[in-house]
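J.: Structure incoming, see below.
The values are calculated or read from the model by the stated rules, or taken from the named source; none is laboratory data. Quick caveat, the model's predicted, so the values are computed rather than measured. No Cβ is skipped: glycine too gets one built from the backbone with ideal geometry, and neighbour counts run over all protein chains shown. Side chains included, ligands, DNA and RNA excluded: accessible areas come from the protein's heavy atoms. Shrake-Rupley method; radii C 1.70, N 1.55, O 1.52, S 1.80 Å.
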Amino acid sequence: MPVPVPRQRAIPAVEGGQAHAASPSGGPAQPAPAPGALSGQEPSSTRHGTSGDASHGETDDTGHSGHGGSTGGGHHGGAHHGTSANGTAPLTLLVIEDDPAGALTVPELRDAAGKQIRVRTARNLTEAERLLTDDVQCILLDLALRTPGPATTSEGTSAHTGSDPEPDDELATLRHVLRLAPRHAVLALTPAEDTERGAEAVRVGAQDYLFRDELDSRLLSRAVRYAVERKRSDRAERRLTESKLRAQENARLERGLLPTPLLEGSSLRFAARYRPGRSRALLGGDFYDTVRTPDGTVHAMIGDVCGHGPDEAALGVELRIAWRALTLAGLCGDRLLSTLQQVLEHERDSDEIFATLCTVDIAPDGRRAGLCLAGHPAPLISRPARSRALVGADGIDGTDGVGGIDGIGGVQAPPVAELLPYENGGPALGLLPNARWPRQQVELGGEWSLMLYTDGLIEGRTGEGRERLGQDGMVDMVRRQLAQGLRGEELLRAAVNEVRDLNGGELTDDVAVLLLDRVP
């Protein structure tokens, strides 16, 4: 399955006494001064929303904190404070460092438009998590940070596995930050000339690395902008990759849903048409299959799982594969449907899920078939019109002995289309335990066309009213199309298109239609 993009968590600025909420009048509350302020930034007395024992403030163009106006959601106050006139928020950098001497200097930073980049600081990962709101685009992490947090995994086991604890601990801190902020750009800050550790940080997941003693306004500003844009590019590429993986997964499922019929050695002609009801979907809850067993019997099936989402499509694929395996193993009729109901009961997510099914097993001679219905609409069969014993003007019988030719005009009569018997059907699969599905014997004749379909073909509307096409309307439609000479793929295409046109647009339910023809 494609790996979902982690959802950004909104972290409130007022939580556990670590930050001060705004006063009822809307003005910022005044926190206690924070010692150890990062040199090159505003004094702690001018920052709002900081804890009483650490310096994790933020400054913007006016020298005011981006959290001062928050009333409970840090991402609201930070995301909108200091917004430029064109509606775009300036870049915000979160610095995570715990240098007790305050030797780290972050110069004044500017974005590409010349607007000042806001800076927040956190002395440990706990403070960083509280300050990691939606308006933060980049994190500058000092790899020399010492904290017990990243040395332990979420399962409670030690993250340290190497013989040298110092680099392992530092990279574990970076890994912890990457897990904490998977959608943020991260810059690693390394000791002077420690190129190897910086390169390793990039390999682990940071966008770039900087040397601690070489920070200047131009270099850091450019690095922040580059890291943010590279992270955006990486996320876009990841979304594209995930989209391709989902498309490939859907294509694989579609190949399972729409199988290649196994009719080698049979004289029957096969055609099928499938249209999912969901917008832009490849899959639906309808399924069908056709196989020929070694004794020459042709087995056909069509079914419909209630609903038409991806879960229903997956269940339909499972039922289809189970039907093919059971049919090739020699099961048919009630035994086959009883076993399929057991499969459905074990695989469905809810007891309310059921599936309708129609199975037909056509004898090797093609003249008769067994029919089982499990809450499914009866198939439609069309056959040549029967001959009428008409005598022409010359006194000679005008029929050819087979039927369908009018001896007077010599015109081919349109085929007769009707539904197969459906009075002795059983319930849908999954509705009643220990249900039974009687097998009906049906005479087909020497030449016929058998159409199996799902209810999506008959439940579409026939105009602006509430009237639906129904089985009678479908029979009349097919008769008319047969009279126009449509057969096989053309008949199915015309039927599905006309149903859609009558509905006034795309159908909301899945549609599957299967056609088997026997022509002597």
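J.: If a/c stays under 1.5 just call it rounded; otherwise compare a/b with b/c (prolate if a/b is bigger, oblate if not). Do that for the stretch 420-469, with a ≥ b ≥ c from the square roots of the Cα gyration tensor eigenvalues.
T.: On the way: a/c = 3.16, a/b = 1.23, b/c = 2.58.
Because a/c hits 1.5 or more and a/b fails to exceed b/c, the stretch 420-469 counts as oblate.
J.: Express the Stokes-Einstein translational diffusion coefficient of the stretch 263-331 in µm² s⁻¹, to the nearest whole number, given a Kirkwood radius over alpha-carbon pairs, 37 °C and a viscosity of 0.692 mPa s.
T.: Values: Rh = 13.2 Å.
Reported coefficient: 249 µm²/s.
J.: While we're on this one: How long is the stretch 475-519 along each principal axis, judged by its Cα atoms, biggest number first, in Å?
T.: 35, 19, 16
J.: Rounded, prolate or oblate: which fits the stretch 346-390, taking a ≥ b ≥ c as square roots of the Cα gyration tensor eigenvalues, rounded meaning a/c under 1.5, else prolate when a/b beats b/c?
T.: prolate
J.: Which value, in Å² and to the nearest 10, is the accessible area of L215 when all protein chains are kept and the probe is 1.4 Å?
T.: Its heavy atoms expose roughly 30 Å² to the probe.
J.: Quick one: net charge of E506's neighbours, Cβ under 9 Å, K/R +1, D/E -1?
T.: On the way: positive: R275, R500; negative: none.
For residues surrounding E506, the net value is +2.
J.: In nm, what is the difference between 0.36 nm times the number of residues separating R335 and D349 and their Cα-Cα distance?
T.: 2.7 nm
J.: Next question, about the same structure. Using a simple spin-label model with points 7 Å from Cα along the Cα→Cβ vector, what separation in nm is obtained for R246 and Q484?
T.: Each label point lies 7 Å from its Cα, and together they span 3.7 nm.
J.: For a protection proxy built on the mean count of beta-carbon atoms within 10 angstrom, sort 133-141, 419-427 highest first, please. Spell out each step's value before the answer.
T.: Values: 133-141: 24.4, 419-427: 15.0.
The peptides rank, most packed first, as 133-141, 419-427.
J.: All other residues with a Cβ under 13 Å from the Cβ of S266 taken together, and with Lys, Arg as +1 and Asp, Glu as -1, what is their net charge?
T.: Values: positive: R269, R292, R518; negative: E264, D295, D361, D365, D517.
Its environment carries a net charge of -2.
J.: Place the peptides 186-199, 236-249, 285-298 in order of packing, highest mean first, counting for every residue the other Cβ atoms within 10 Å and averaging per peptide. Don't skip to the answer; put the middle values down first.
T.: Details: 186-199: 17.6, 236-249: 11.9, 285-298: 21.1.
Highest-to-lowest ranking by the protection proxy: 285-298, 186-199, 236-249.
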